[in-house]
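The values are calculated or read from the model by the stated rules, or taken from the named source; none is laboratory data. As the structure is a prediction and not an experimental result, all values here were calculated from the model. Virtual Cβ from ideal backbone geometry, glycine too; neighbours counted across all protein chains shown. Accessible surface areas use protein heavy atoms only, side chains included; no ligands, DNA or RNA. Shrake-Rupley method; radii C 1.70, N 1.55, O 1.52, S 1.80 Å.
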Amino acid sequence: MKGKALLYLVALAMLWSCSASKTDKTDLYTYRIDHIWINSYTAPCASIGRPECYMTQVADGDLSMDEWTVFYHDVDGFKFEDGYLYQLKVRVDFSDTSSTSKDYIKYTLLEIEQRLRDYSLDLGEHWDITMLEGDSINLPVGQKQPYIKFNTIGEMVIGHSSCNSFSGPYTLDMINKIKIGPIVSTRKMCPDLSIETSLLAQFGQITEYSVKDSILYLKDSNGKVRITGKSI
């Protein structure tokens, strides 16, 4: 019996230490624990005296780059730096549980769970394509250096494959996931189409990207680098 009583007390203690607390007089929460993502850049907001606001989403699953909402609060103890995505564990306190006004909510940082460089901000460069599937490009005489450019506003990619120009849409998802295409190309004939054929064949395999030391890496789902580009 003593063992059962001890287990019962432990269970009560665990329930009491959960992520939300209730008042004695009401059934309303006085605080809760949230996990939120904060985007790598701020956005204009309508709050009086607050020209810029965070963009956030609830961190209860995969991060989606299309589901950001304006966040009208500060997070006490949090220092934001442009260019980084943050996953935060925060305590949300309600000083007046009878009010639904945002003014009665206080967010306090408990932990920075993740801090990730947002490489999508670096995509809008001109990238000379230097390698395909890990092999250096040997440019045929008289043909142009292949390159790729990402229009980060219109989410379009344009470039040159050493013989023809190409273009197409791209979409970003999560943190470093990308889908390119379908790609369309002009139809000029060149003496050597080997680089163009190889380059255009890679786009359908690309699923993720990264940027390091001004080098762009476009990779497939197995992490193999399909296209390497250098910023100029």
Exercise for the section: Name the residue, out of 186, 197, that is farther than 20 Å from residue 215 by Cα, without any contact (Cβ under 8 Å) to a residue 12 or more places away in the chain and either among the hydroxyl-bearing types (Ser, Thr, Tyr) or in contact with a strand residue (DSSP E or B) (Cβ under 8 Å, 6 or more places away or on another chain) (or both). Expected result: 197
Fill in the blank from the handout: Within the range 138-148, the count of residues that are within 22 Å of residue 208 (Cα to Cα), in contact with a Leu (Cβ under 9 Å, 6 or more places away or on another chain) and either without any contact (Cβ under 8 Å) to a residue 60 or more places away in the chain or of a type in the set (Phe, Trp, Tyr) (or both) comes to 1
Handout entry: Filter result (in contact with an Asp or Glu (Cβ under 8 Å, 6 or more places away or on another chain) and either hydrophobic (A, V, I, L, M, F, W, C) or over 17 Å from residue 64 (Cα atoms) (or both)) within the range 163-181
Key = 163, 164, 169, 172, 174, 175, 178
Handout entry: Pair list, Cβ under 8 Å, 6 or more apart: the range 115-126 residue more than 24 Å from residue 36 (Cβ to Cβ), other residue of a type in the set (D, E, K, R) and open to solvent by 70 Å² or more (accessible area, probe 1.4 Å)
Key = 124/149; 125/149; 126/149
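Rundown of residues vs (1) at pLDDT below 50; (2) open to solvent by 90 Å² or more (accessible area, probe 1.4 Å); (3) among the aromatic types (Phe, Trp, Tyr); (4) not in a strand (DSSP E or B), yes/no style:
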| residue | (1), (2), (3), (4) |
| --- | --- |
| 3 | yes, no, no, yes |
| 13 | yes, no, no, yes |
| 18 | yes, no, no, yes |
| 24 | yes, yes, no, yes |
| 36 | no, no, no, no |
| 86 | no, no, yes, no |
Handout entry: Hits in the range 193-214 (condition: on the phi > 0 side of the Ramachandran plot and of a type in the set (Gly, Ala, Ser))
Key = 214
Practice task
Check every one of the strands (runs of 3 or more DSSP E) wholly within the range 142-232 and list those with 3 or more residues that are more than 16 Å from residue 132 (Cα to Cα), modelled with pLDDT of 95 or more and open to solvent by less than 70 Å² (accessible area, probe 1.4 Å).
Solution key: 165-173
